[in-house]
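Each value in this text was obtained by applying a stated rule to the coordinates, not by laboratory testing. Given the structure is predicted, the values throughout are model-derived calculations rather than measurements. Cβ atoms come from the backbone with ideal geometry, glycine included; neighbour counts cover every protein chain shown.
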Amino acid sequence: MQQNFVSDLLKKPTWILFLCSWLFYLVGLFLFSQMVWDANTYQYDFKGTDFETSLSNWRRMDMLRYALSPVWVIGISTIIFTLIKTGMVIIRVEFNTSMLFKIIFLGFIFISLPFWIKSVWLILFKSGYTPEDVKNFFPGSIIPVIDTSGMNEIRIKALAHINLFHLAFILFTCWQLAVNSSLSYLKAFLLTICTYGFGLALLQYARVLFFG
């Protein structure tokens, strides 16, 4: 049943799947930036002298992020596409370019879920949260189960990318690669791990190396 539903989605034009993925990301981003980071949250530990001006500047930055969100989704998806496609070329597997982009756009929804989960949890279930609560909330990551004392913010955020959402993206992607190609599920999984997974790990290592 799930495969039939996904197969029906993959028959849609690529731009429709991009639109769905982008809107899902945009709404989650809006909820997080406007309702989690509301005026009360910003004001909680504000140390300046003109809060209204600062809030207005923060909202302008939010508007810029909204405007650039389609570029962000396309950019990240293109990088993921390039990594996986390069792996396919190396192991000599033919795969339709449009289909690969469709799979990645659908999978991007998993990567966008943290905005939604953070927003729903903090707005509906946690009252009186502080800016530090927001900054240190990494749902689905390994952060709550490891000792982060002594780590700086850059290292913590890098480790936070080891989470269930990226794992869900990997599992979804390799599932659809296996269904739509001659690859077995195991080979598709190894391909995704060695391309997207390795690229993600390398990016986080670079962040720690140069900024941490």
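Of all lysines in the structure, the ones whose alpha carbon falls short of 24 Å from that of LYS85, not counting any fewer than 8 places away in one chain, are LYS11, LYS12, LYS102, LYS187.
Using the empirical formula 2.2 N^0.38 Å as the baseline, the Cα radius of gyration of region 60-111 reaches a ratio of 1.39.
What Kirkwood hydrodynamic radius, in Å, does the chain give when the mean of 1/r is taken over all pairs of distinct Cα atoms and then inverted?
This gives a value of 19.0 Å.
Dividing the mean sequence gap of close Cα pairs (under 8 Å, 6+ apart) by how many residues the chain holds gives a relative contact order of 26 percent.
Computed from point charges on the beta carbon alone (+1 for Lys and Arg, -1 for Asp and Glu), the dipole magnitude for the chain about its Cα centre is near 600 Debye. Residue separation of LYS12 and SER69 scaled by 0.36 nm, minus their Cα-Cα distance, works out to 18.3 nm of gained length. In straight-distance terms, cross-link reach from LYS135 covers every one of the aspartates and glutamates whose alpha-carbon lies under 15 Å from its own, apart from those fewer than eight places away in the same chain; here that gives ASP38, ASP45, GLU153.
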